[in-house]
Amino acid sequence: MQGIETNGWRTALAGSQMLFVAFGALVLMPLITGMNPSVALFTAGIGTLMFHFVTQRQVPVFLASSFAFIAPILYSNQTWGLPATLGGLLAAGLVYILLSLLVWWRGPGFIQKLLPPVVVGPVIMVIGLGLASVAVNMAMGKAGDGSAELVPYNTAIIIALSSLVTTIIVAVYARGIFRLVPILAGILVGYSLSWIFGIVDFSGVADADWVSVPGFVTPEFHLAAILFMLPVAIAPAIEHIGDVLAIGSVTGKDYMRKPGLQRTLLGDGIATSAAAMFGGPPNTTYSEVTGAVMLTRNFNPNVMIWAAVFAVGLAFVSKFGAVLLSMPVPVMGGILCLLFGSIAVVGMNTLIRNQVDLSQARNLCIVSVTLVFGIGGLVIGNESISLQGISLCGVVAIVLNLILPAEREPGQPV
């Protein structure tokens, strides 16, 4: 690619640093959801390269595993299996592509009208809180659904709390580049303690080859899984817009105009669908990397291309993937206690920052019904076709926002 050799090894070194910043979150998501972390590395790299091709290498972002899909993927895997889940994720990528066409046709303001903060806020909160019990079960050494004890409670709780406390300390007190890797720090401490306690099984690492093709999985198409996953794309699409605005404020460029929101949404959608075709998690623009760009003041998009190339290369180192797969559940459980809560706070902050007036009856109804339906686990439909969880919340919030009349201001004529 033209310009990728610019500054030579300096650009490559900066790219490896960006991958380091994204690494903890990138591999944590597939480990939680039962996907292959090596495949996630590969699809993050391929997805990032596709994004930069679509956007003509103008936006310095890196795409990797989206946390907004953790809860839906966990449920979908349990209900329909991984191949059907991947089919739903492929369809979710098409939602991004559809939104990009609508933005191209109607302009960026269309998204704000269809998905205002009163819709997006509670849906994001449900994503964070809907499976809070999974985080707690894993922190206590159990399987995500609490059905089996995988690690003794006393050992698990020490590891989980150590991972959690480390993540919090690094996020709050660390400085410079280290402040951008709290999840990675938590993983390192938790994994080290797990090794000390003797609960890490290294047999898979010894048996793994040094170099091999990652364990790709082919998607299957199941209507119920697709209908479940489609509305989930709403919240990450809004997050994508926020990330594009954020990186634009850092670099001083208007990426909503050039290359245009329609191109960035299209790139994200193609990356997400492509990831599902290989068996990887859906992709999203990484806020951690945006923070690293702000800290380093390196606005060269070629840095992200190098990060993507390193990610693809690392995916073929099988022993590295085996080390990741050997990570005990309390390590992830401790970090998830913070992660799921922080996702919910993002939704809450969406309502607060946009000054959504919850004293208005329509806003109160939208937020209340969305939260109870999502957290309570309401199901509408039958075993073959149903709406539940995030998908039900997304549909209900959008419909209520469209049909409930806006309240009149005092003095406004009837």
Within region 165-173, does at least one residue satisfy the condition of being touching a Gly at 6+ places or on another chain (Cβ under 8 Å), more than 30 Å from ILE366 (Cβ to Cβ), hydroxyl-bearing (Ser, Thr, Tyr) and assigned to a helix (DSSP H, G or I)? yes
Going through THR11, THR79 one at a time, which residue ends up being open to solvent by 10 Å² or more (accessible area, probe 1.4 Å) and among the polar types (S, T, N, Q)? THR79
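For (1) without any contact (Cβ under 8 Å) to a residue 24 or more places away in the chain; (2) among the β-branched types (Val, Ile, Thr); (3) open to solvent by less than 20 Å² (accessible area, probe 1.4 Å); (4) closer than 30 Å to VAL205 by Cα, each residue gets a yes or a no:
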{"residue": "VAL293", "(1), (2), (3), (4)": "no, yes, yes, no"}
{"residue": "LEU324", "(1), (2), (3), (4)": "no, no, yes, yes"}
{"residue": "VAL329", "(1), (2), (3), (4)": "no, yes, no, yes"}
{"residue": "CYS337", "(1), (2), (3), (4)": "no, no, no, yes"}
{"residue": "ILE375", "(1), (2), (3), (4)": "no, yes, no, no"}
{"residue": "VAL395", "(1), (2), (3), (4)": "no, yes, no, no"}
{"residue": "LEU400", "(1), (2), (3), (4)": "no, no, no, no"}
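Can you tell me which residue is surrounded by the most Cβ atoms within 10 Å (Cβ to Cβ) among those in region 87-113 that are over 23 Å from GLY279 (Cα atoms) and either hydroxyl-bearing (Ser, Thr, Tyr) or touching a helix residue (DSSP H, G or I) at 6+ places or on another chain (Cβ under 7 Å) (or both)? It would help to see each step written out before you state the result.
Going residue by residue through region 87-113, those that are over 23 Å from GLY279 (Cα atoms) are 99-113.
Among the residues that remain, those that are also either hydroxyl-bearing (Ser, Thr, Tyr) or touching a helix residue (DSSP H, G or I) at 6+ places or on another chain (Cβ under 7 Å) (or both) are: 99-100, 102-104, 108, 110-111.
Values: LEU99: 26, SER100: 23, LEU102: 16, VAL103: 22, TRP104: 16, PRO108: 17, PHE110: 14, ILE111: 20.
In this case the residue turns out to be LEU99.
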Tell me whether region 56-63 contains one or more residues that are crowded, with 24+ Cβ neighbours inside 10 Å, under 15 Å from LEU265 (Cβ atoms) and out of contact with any Asp or Glu (no Cβ under 8 Å at 6 or more places or on another chain). yes
Give region 139-159 a look and list any residue that's of a type in the set (Gly, Ala, Ser) and in a helix (DSSP H, G or I), or say none. ALA139, ALA156
Filter result for the condition that a residue is more than 24 Å from the chain's Cα centre (by Cα), of a type in the set (Ser, Thr, Tyr) and surrounded by fewer than 20 Cβ atoms within 10 Å (Cβ to Cβ), over SER342, SER368: SER368
Within region 167-176, identify whether any single residue is charged (D, E, K, R), touching a residue at least 12 places away in the same chain (Cβ under 8 Å) and open to solvent by 40 Å² or more (accessible area, probe 1.4 Å), and answer yes or no. no
How about region 65-138: which helices (runs of 4 or more DSSP H) wholly inside it have at least 1 residues that are charged (D, E, K, R)? 82-106, 109-114
I'm checking my understanding of the structure. Among residues of region 126-166 that are open to solvent by 20 Å² or more (accessible area, probe 1.4 Å) and hydroxyl-bearing (Ser, Thr, Tyr), which one is nearest to THR350 (Cα to Cα)? SER133
Starting from residues that are over 16 Å from LEU324 (Cβ atoms) and in a helix (DSSP H, G or I), keep the ones in region 201-229 and report whichever is nearest to the chain's Cα centre (by Cα). MET229
Hey, GLY198 assigned to a helix (DSSP H, G or I), over 21 Å from THR33 (Cα atoms) and either out of contact with any Asp or Glu (no Cβ under 8 Å at 6 or more places or on another chain) or open to solvent by less than 10 Å² (accessible area, probe 1.4 Å) (or both) or not: no
Within region 230-266, the count of residues that are in a helix (DSSP H, G or I) and over 16 Å from the mean Cα position of the chain (by Cα) comes to 17
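The values are calculated or read from the model by the stated rules, or taken from the named source; none is laboratory data. Source: prediction; values computed, not measured. When we count neighbours, we look across all protein chains shown, and the Cβ atoms used for this are built from the backbone with ideal geometry, even at glycine. Please note that ligands, DNA and RNA were not included when accessible areas were found on the heavy atoms of the full protein model with its side chains. Shrake-Rupley method; radii C 1.70, N 1.55, O 1.52, S 1.80 Å.
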